[in-house]
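Working notes, structure below.
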Amino acid sequence: MGGFLLAQSDRVLRTSGVRERFADVDAAAAAVRSGRIPLLVGAIAFDPSRPAALHAPESWDFDSAALPVGDLPEVRLVGQTPSPAEHVARVTRLVKLLGEGELRKVVAARSVQLAADAPIDPELLVAELVRRHPSSNGYAVELTGAGEQHDGAHLVGSSPELLVSKRGSTLTMRPLAGTAPRRPDPAADRDEADQLLASAKNREEHSYVIEWIRDQLSPVCSELTVPDGPALISTPEVWHLATSISAVLRDPATTALDVAVLLHPTPALCGTPTELAMKTITDIEGDRGFYGGAVGWCDERGDGDWIVAIRCAEVAADGRTATAYAGGGIVVASDPDAELDETTTKLRTLLGALNVTI
């Protein structure tokens, strides 16, 4: 495919063709605000200083036909970066660092490398992800224009996390932070959920995200409604702590993209304080690319939806290789072995759609 696909519970947005590409988010935002382009779609990198993969499409359909049906190729796990043992060692070092300085939370991620016997079709992969995770947001975004290493590649995933949705002056958000695995036995599964909701470590991790959103939105919103505490949501693989937030913009001309830029990257995918967490991640992991970034759209009215780019993989231009990502928030109370298990569980969202075990 090419272009952009976002499959949500109430609609499927599919675009085709490219009128104009934007590697610079500010230039894209200016083009939207000016009314020069009627629709902007694409992805923002995890590190906002890196090139984006945004474009104005030639045509689009917000009520697209059903997703395609077809078989995905055989896929094999061929590598892990870092190795599981090294990820545990990294988290151990980060926990020590958190206990010594001003860093309060940092997200540690790892990736796995995949090889396919035939090209992976991004739309077929999205279709399988949506079949398995109907309440999440399935997406496939062509990354051409964000640098030679991404040309022709696609970011494909199924994210349960809404960064921001804007309609008129109203914003809605549902940040996630705090995770526990699902269990096959219903009683054990319920116990896992209850323990997550009561967990001081996970509630601390979640609170950093809520504080960040409140601080970022207060100057631009006249109303901000935040529940007193998080609730539980689930995917087939994990439980999450989630908080549904709503707000009213002071200036309705502020676009969905403007708000996405204001909120990205949240402590849910980066850490806190943001700049120190970003530097720590870059020093340890290097460039994450588009994992942990944002995927979405914004129209000429400023309305739009932006989804946090998690539970995803970057599929190479030839479709025969892919890299899948997962991470977890580290605080001083984190257990390194449990953090490794969390990333493994999260990876199963993408790997399960490809019938790959880990």
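When Ser158 is evaluated against the numbered criteria (1) surrounded by fewer than 20 Cβ atoms within 10 Å (Cβ to Cβ); (2) under 20 Å from Ala260 (Cβ atoms); (3) in contact with a Gly (Cβ under 9 Å, 6 or more places away or on another chain); (4) among the hydroxyl-bearing types (Ser, Thr, Tyr), which criterion, by number, is the only one it fails?
(1)
Hey, any hits in the stretch 240-256 for a residue that's under 15 Å from Gln216 (Cβ atoms), touching a Lys or Arg at 6+ places or on another chain (Cβ under 9 Å) and buried (at least 24 other Cβ atoms within 10 Å of the Cβ)?
Yes, because at least one residue in the stretch 240-256 is under 15 Å from Gln216 (Cβ atoms), touching a Lys or Arg at 6+ places or on another chain (Cβ under 9 Å) and buried (at least 24 other Cβ atoms within 10 Å of the Cβ).
Scan the stretch 56-77 residue by residue and report those that are farther than 23 Å from Ala127 by Cα and touching a strand residue (DSSP E or B) at 6+ places or on another chain (Cβ under 6 Å). Quick ask: steps written out before the conclusion?
To start, the set of residues in the stretch 56-77 that are farther than 23 Å from Ala127 by Cα comprises 56, 58.
Scanning the stretch 56-77 gives a single hit, Ala56.
In the list Val41, Val107, which residue meets the criterion of being closer than 30 Å to Ala277 by Cβ, touching a Pro at 6+ places or on another chain (Cβ under 7 Å) and surrounded by 15 or more Cβ atoms within 10 Å (Cβ to Cβ)?
Val41
Tell me yes or no: at least one residue of the stretch 168-178 is more than 23 Å from Gly296 (Cβ to Cβ) and touching a residue at least 12 places away in the same chain (Cβ under 8 Å).
Yes, there is a match, as at least one residue in the stretch 168-178 is more than 23 Å from Gly296 (Cβ to Cβ) and touching a residue at least 12 places away in the same chain (Cβ under 8 Å).
Those residues that are at pLDDT 95 or above, assigned to a strand (DSSP E or B) and among the β-branched types (Val, Ile, Thr), I need them from the stretch 2-37; list them, please.
Scanning the stretch 2-37 gives a single hit, Thr15.
Wholly within the stretch 61-156, which strands (runs of 3 or more DSSP E) include no fewer than the required count, namely at least 1 residues that are of a type in the set (D, E, K, R) and closer than 27 Å to His240 by Cα?
Values: elements: 75-81, 105-116, 137-142.
Answer list for the stretch 61-156: 105-116.
So, in the stretch 241-261, exactly how many residues are more than 14 Å from Ser165 (Cβ to Cβ) and assigned to a helix (DSSP H, G or I)? Working first, answer last.
Start the filter on the stretch 241-261 by keeping residues that are more than 14 Å from Ser165 (Cβ to Cβ), which leaves 241-243, 250-253, 261.
Still in the running and assigned to a helix (DSSP H, G or I): 261.
Qualifying residue count for the region: 1.
Just for the stretch 1-25: of the residues that are without any contact (Cβ under 8 Å) to a residue 40 or more places away in the chain and more than 20 Å from the chain's Cα centre (by Cα), which one is surrounded by the most Cβ atoms within 10 Å (Cβ to Cβ)? Steps first, please.
First, the residues of the stretch 1-25 that are without any contact (Cβ under 8 Å) to a residue 40 or more places away in the chain: 10, 19-20, 24.
Of the ones still in play, those that are also more than 20 Å from the chain's Cα centre (by Cα) are 19-20.
Working: Arg19: 12, Glu20: 16.
Per the stated criteria, the residue is Glu20.
Identify all residues within the stretch 21-66 that are touching an Asp or Glu at 6+ places or on another chain (Cβ under 9 Å) and β-branched (Val, Ile, Thr); write none if there are none.
Hits for the stretch 21-66 are Val32, Ile37.
Report yes if some residue within the stretch 114-136 is within 27 Å of Arg320 (Cα to Cα), free of Cβ contacts under 8 Å to residues at least 40 places away in the same chain and not acidic (Asp, Glu); otherwise report no.
Of all residues in the stretch 114-136, those within 27 Å of Arg320 (Cα to Cα) come to 114-134, 136.
Subsequent filtering for residues that are free of Cβ contacts under 8 Å to residues at least 40 places away in the same chain retains 131.
When the remaining residues are screened for being not acidic (Asp, Glu), the result is 131.
Checking the stretch 114-136: at least one residue is within 27 Å of Arg320 (Cα to Cα), free of Cβ contacts under 8 Å to residues at least 40 places away in the same chain and not acidic (Asp, Glu).
For the stretch 300-349, how many residues are of a type in the set (Gly, Ala, Ser) and either assigned to a loop (DSSP other than H, G, I, E, B) or surrounded by fewer than 21 Cβ atoms within 10 Å (Cβ to Cβ) (or both)?
Count: 8.
The values are calculated or read from the model by the stated rules, or taken from the named source; none is laboratory data. This structure is a prediction, so every number in the text was calculated from the model and none was measured. Counting neighbours? That spans all protein chains shown, and the Cβs are built from the backbone with ideal geometry, glycine included.
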